[in-house]
Amino acid sequence: MGETWKPKPTIPVIEKATKPELFRALESALGSSFSADPISPPPNPLIIVISGPSGVGKDAVIGKLRESRGENLHFVVTATSRPMRPGEVHGKDYYFVSKEEFLDMKDRNELLEYALVYGDYKGIPKSQIREFMGRGCDIVLRVDIQGAHTLRKKLKDSAVFIFLVAESEAKLVERLIDRKTESKEDLLVRIATAREEVRHVKSFDYVVVNSDGKLDEAVKLVESIIDAEKARVRRKCAAI
Ligand SMILES: Nc1ncnc2c1ncn2[C@@H]1O[C@H](COP(=O)(O)OP(=O)(O)OP(=O)(O)O)[C@@H](O)[C@H]1O
């Protein structure tokens, strides 16, 4: 015997039916009600690693990003064993800890990455990343090229790596001179290092040019990268 006969639901004439009538008729024709649940779950928080030569504008770009993204983006404050300089704020510029405290954190595996920079330790506390990712925030890490290298090995494709460059070497040098924060010896080291660092661009996912007077354009491009990466269908969730 065949199935019990059921009358086919009729769909009203589009021009004559109201929107709710049509909606209900379509539901009944398809045999189930239409769900109002989101089709795609909210994207996982993203880790964005921003690197580039000294003076390229990492702080400037990150500062603007923080303004535009507000609470949705957490900039990880680095822990350091170097003494606090006048004007610096504990917990805002750095977490200032003693050398012993720093080494304890390292031994307890509490740092995602660390380095000895000019005799002082600097490192990224894992707890901060976990806490803010848990709240659904995207995470921005500002690291030097060496740090980006280490993070790439640890995080692989679960983070987005952005390399900032100036439009030319000459412009980068001008920017460093204008900043007036380096001694002439420091300038030499930074410029020589920058020359070497630009060769590492290949291990990054994106390169963003921060041209003179065009900071807003660079920030816009970084924002577009973040938006596109968050819309990706497949991304490994970072395990910190
Ligand atoms: N697009 C831009 N146009 C002009 N000046 C800029 C631009 N971006 C940044 N600057 C300026 O260049 C200088 C260097 O920028 P910033 O301090 O952000 O670089 P950085 O990459 O964080 O450097 P470092 O690694 O040495 O800390 C600052 O004085 C900043 O205001």
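Nothing in this text is a laboratory measurement; each read-out follows from the coordinates by a stated rule. Worth saying up front: this structure is predicted, and the values here are computed from it rather than measured. Here the Cβ positions follow ideal geometry from the backbone for every residue, glycine too, while neighbour counts run over all protein chains shown.
Kindly work out what percent of the DSSP beta bridges joining two residues of the chain are antiparallel, to the nearest 5.
30
Tell me, in nm to one decimal, what length is gained between residue 84 and residue 228 on full extension, where the rule is 0.36 nm per residue of separation less the Cα-Cα distance?
Details: separation 144, 0.36 × 144 = 51.84 nm, distance 3.80 nm.
That works out to 48.0 nm of additional length.
How much FRET efficiency would the formula 1/(1 + (r/R0)^6) give for residue 66 and residue 235, where r is the Cβ-Cβ distance and R0 is 22 Å, rounded to 0.05?
The value I calculate is 0.45.
Pull up the cross-link candidates among the lysines for residue 99, meaning alpha carbon to alpha carbon under 30 Å and not fewer than 8 places away within one chain.
The reachable lysines, counting only those whose Cα sits under 30 Å from residue 99, are 58, 122, 126, 153, 154, 156, 180, 184.
Between residue 146 and residue 40, what length comes free when the chain is fully extended (0.36 nm per residue of separation minus the Cα-Cα distance, one decimal in nm)?
34.5 nm
Note the angle between two axes, namely the Cα long axis of helix 215-230 and the longest principal axis of the Cα atoms of the chain, as a number of degrees from 0 to 90, rounded to the nearest 10.
Compared with the principal axis, the helix lies near 50 degrees.
Given the peptides 136-148, 45-57, 93-105, arrange them by the average over their residues of other C-beta atoms within 10 Å, most packed first.
Final packing ranking: 45-57, 136-148, 93-105.
What share of all Cα pairs of the chain, in percent, falls into each consecutive 5 Å distance bin?
1, 5, 11, 14, 15, 13, 10, 6, 4, 3, 4, 4, 3, 3, 2, 1, 1, 0, 0
Go from 0 up to the bin containing the longest alpha carbon distance in the range 53-129, width 10 Å each, and give me the % of pairs per bin.
Binned Cα distances yield the sequence 17, 45, 32, 6.
At a threshold of 8 angstrom on Cα-Cα distance, excluding pairs fewer than six apart, so keeping six or more, what relative contact order does the chain reach in percent?
26
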